[in-house]
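Heads up, the thing below is written out as structure tokens.
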Amino acid sequence: MKILLFGITKDIIGDAQLVWELKEDQKTSNDLLDALKERYPELQKLRSIALAVNGEHADGSELIKQTDEIALIPPMSGG
Amino acid sequence: MIALKSTQEIDVNEITASVQSDACGAIDIFVGTVRNNFKGKNVSKLFFEAYEPMAISELTKIADQVKNQYQASKVSIVHALGDCKVGEIAVVIAVATPHRKASFDGCQYAIDTLKDTVPIWKKEFFEDGSHWVFSHP
């Protein structure tokens, strides 16, 4: 699956999107986020880091499918 | 009107006109502009990027909340993308309500909520570098 990257997560991961192989134990959006934080420890230094699933802020419990549109959401700073 | 566009394309008069309603006696407009300093350092410009479809959807949710919670007839929110120089417009929010208090309150709710929920990111450029705002504690 592809994970969309914005803001500082692009700098941390080094691209505008990440190709990610979803593993058996990555069932929920929380599982996926934990795996991403383990793979890219710099994400843990951010003030906050979360996922969006299909264009909605994830609460952690969403069940993830290969076909979902996933985005990493670092601290937002609009306005 | 809910939109993301370059700062040069943001027209406050057009946004004001977009919320005008004969049933409303108040239009409150918030204009966010680029400040020339951050924690004592000179800011030369900002750069905004968005997760565009989600940003539009979150902005639409905010406009709907303002309509429901503040009896607003019409709400417009336009946010800049790309480069913004000092003094240029980053965001405009216009809220039309029958009476003035609700328009002030609704406009404040909209800008406060935008900062919390809309996937837009701001990079500040200084004379000696740049950073993504709020990224680190």
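The values are calculated or read from the model by the stated rules, or taken from the named source; none is laboratory data. Remember, predicted model here, so these are calculated numbers, not experimental data. When we count neighbours, we look across all protein chains shown, and the Cβ atoms used for this are built from the backbone with ideal geometry, even at glycine.
Conditions (1) under 21 Å from A:E56 (Cα atoms); (2) touching a residue at least 24 places away in the same chain (Cβ under 8 Å); (3) hydrophobic (A, V, I, L, M, F, W, C), marked per residue:
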| residue | (1), (2), (3) |
| --- | --- |
| B:V66 | yes, yes, yes |
| B:H79 | yes, yes, no |
| B:R100 | no, yes, no |
| B:D112 | yes, no, no |
| B:I120 | yes, yes, yes |
| B:F125 | no, yes, yes |
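Cβ-Cβ distance below 8 Å, separation of 6 or more or different chains: which pairs start in segment A:44-68 with a residue that is farther than 16 Å from A:G7 by Cα and more than 10 Å from chain B (Cβ to nearest Cβ) and end on one that is in a loop (DSSP other than H, G, I, E, B) and of a type in the set (K, R)?
Pairs that qualify, where the first residue is farther than 16 Å from A:G7 by Cα and more than 10 Å from chain B (Cβ to nearest Cβ) and the partner is in a loop (DSSP other than H, G, I, E, B) and of a type in the set (K, R), are A:L63/A:K27; A:I64/A:K27.
Of the conditions (1) in contact with a strand residue (DSSP E or B) (Cβ under 9 Å, 6 or more places away or on another chain); (2) at pLDDT 95 or above, B:D112 satisfies every one except a single condition; which number is it?
With (1) in contact with a strand residue (DSSP E or B) (Cβ under 9 Å, 6 or more places away or on another chain); (2) at pLDDT 95 or above applied to B:D112, the lone miss is (1).
For A:D31, state whether it is of a type in the set (D, E, K, R) and surrounded by 15 or more Cβ atoms within 10 Å (Cβ to Cβ).
Spelling it out, A:D31 is indeed of a type in the set (D, E, K, R) and surrounded by 15 or more Cβ atoms within 10 Å (Cβ to Cβ).
Select from segment B:82-93 the residues that are part of a strand (DSSP E or B) and not acidic (D, E) and write down the one among them that is surrounded by the most Cβ atoms within 10 Å (Cβ to Cβ).
B:I93
If B:K67 satisfies all but one of (1) away from chain A (no Cβ under 14 Å); (2) in contact with a Gly (Cβ under 8 Å, 6 or more places away or on another chain), what's the number of the condition it fails?
(2)
Out of all the residues in segment B:94-103, is one or more outside any strand (DSSP E or B), hydrophobic (A, V, I, L, M, F, W, C) and over 12 Å from the mean Cα position of the chain (by Cα)? Step through it out loud before you land on a result.
Step one: list which residues in segment B:94-103 are outside any strand (DSSP E or B), which gives B:98-103.
Pick out the ones that are also hydrophobic (A, V, I, L, M, F, W, C) and you get B:102.
In the following step, the residues that additionally are over 12 Å from the mean Cα position of the chain (by Cα) were identified as B:102.
Within segment B:94-103 (the criterion being outside any strand (DSSP E or B), hydrophobic (A, V, I, L, M, F, W, C) and over 12 Å from the mean Cα position of the chain (by Cα)), the answer is yes, since at least one residue qualifies.
Taking the criterion of being surrounded by 23 or more Cβ atoms within 10 Å (Cβ to Cβ), within 10 Å of chain A (Cβ to nearest Cβ), over 17 Å from A:M76 (Cα atoms) and of a type in the set (A, V, I, L, M, F, W, C), would at least one residue in segment B:53-61 satisfy it?
No, because not a single residue in segment B:53-61 is surrounded by 23 or more Cβ atoms within 10 Å (Cβ to Cβ), within 10 Å of chain A (Cβ to nearest Cβ), over 17 Å from A:M76 (Cα atoms) and of a type in the set (A, V, I, L, M, F, W, C).
Consider B:A17 carefully, then state whether it is under 24 Å from A:G7 (Cβ atoms) and either within 14 Å of another protein chain (Cβ to nearest Cβ) or out of contact with any helix residue (DSSP H, G or I) (no Cβ under 6 Å at 6 or more places or on another chain) (or both).
On the way: under 24 Å from A:G7 (Cβ atoms): no; either within 14 Å of another protein chain (Cβ to nearest Cβ) or out of contact with any helix residue (DSSP H, G or I) (no Cβ under 6 Å at 6 or more places or on another chain) (or both): yes.
Taking the combined requirement at face value, the residue does not satisfy it.
Sort through A:G60, A:G7, A:G79 and tell me the only one that's at positive phi and either surrounded by fewer than 16 Cβ atoms within 10 Å (Cβ to Cβ) or of a type in the set (V, I, T) (or both).
Testing whether each residue is at positive phi and either surrounded by fewer than 16 Cβ atoms within 10 Å (Cβ to Cβ) or of a type in the set (V, I, T) (or both) leaves just A:G60.
Could you list, in sequence order, the residues of segment B:32-52 that are free of Cβ contacts under 8 Å to residues at least 40 places away in the same chain and either part of a strand (DSSP E or B) or within 16 Å of the chain's Cα centre (by Cα) (or both)?
B:N37
Counting only residues that are within 7 Å of chain A (Cβ to nearest Cβ) and assigned to a loop (DSSP other than H, G, I, E, B), which one in segment B:106-137 is nearest to the chain's Cα centre (by Cα)?
The residue in question is B:V118.
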